[in-house]
């Protein structure tokens, strides 16, 4: 069920989902671990990917070295939209109204820089 790759230490990748074996939740992989272990592995991966994205936003070669181009604006706006989709999913209320969740998050993003984090938490 696993394919093996060499990216540093040998990693087990599920051949069915192409997901790291410890995090994969397919039927074959899930039998090997408890739900708590799978949740912990996926949470670890999510946090690592968020760190990667944060680093790429600041250090990626496509980031402006002077004046930004419209192409760079489009790239960062696309990333913002994808992250907004995720945030809206977390911010859905009991009614499941995506537009209301997005509105709350967009309004929170209007807050001054030093308070935007707190405003986002309140919006959720």
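The values are calculated or read from the model by the stated rules, or taken from the named source; none is laboratory data. What you see is a predicted model, and the numbers here were worked out from it, not measured in a lab. FYI the Cβ positions are ideal-geometry reconstructions off the backbone, even for glycines, and counts take in every protein chain you see.
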Considering 57, 46, which residue is part of a helix (DSSP H, G or I) and at pLDDT below 90?
-> 57
In this structure, does residue 75 turn out to be in contact (Cβ under 8 Å) with a residue 24 or more places away in the chain and surrounded by 13 or more Cβ atoms within 10 Å (Cβ to Cβ)?
-> no
For segment 52-63, indicate whether the set of residues that are touching a strand residue (DSSP E or B) at 6+ places or on another chain (Cβ under 7 Å) and under 28 Å from residue 16 (Cβ atoms) is non-empty.
-> no
Within the set of pairs 6+ apart or on separate chains, which have a first residue in segment 106-121 that is assigned by TED's automatic domain parsing to the domain that holds residue 80 and free of Cβ contacts under 8 Å to residues at least 60 places away in the same chain, a second that is surrounded by 11 or more Cβ atoms within 10 Å (Cβ to Cβ) and assigned to a loop (DSSP other than H, G, I, E, B), and C-beta atoms under 7 Å apart?
-> 119/111
For segment 29-43, state whether one or more residues are in a helix (DSSP H, G or I), touching a strand residue (DSSP E or B) at 6+ places or on another chain (Cβ under 7 Å) and in contact (Cβ under 8 Å) with a residue 12 or more places away in the chain.
-> yes
Note on segment 65-91: residues closer than 24 Å to residue 51 by Cα and in a loop (DSSP other than H, G, I, E, B) are 65, 68
Picking from 64, 35, the residue that is farther than 21 Å from residue 124 by Cα, exposed (fewer than 13 other Cβ atoms within 10 Å of the Cβ) and touching a helix residue (DSSP H, G or I) at 6+ places or on another chain (Cβ under 8 Å) would be 64
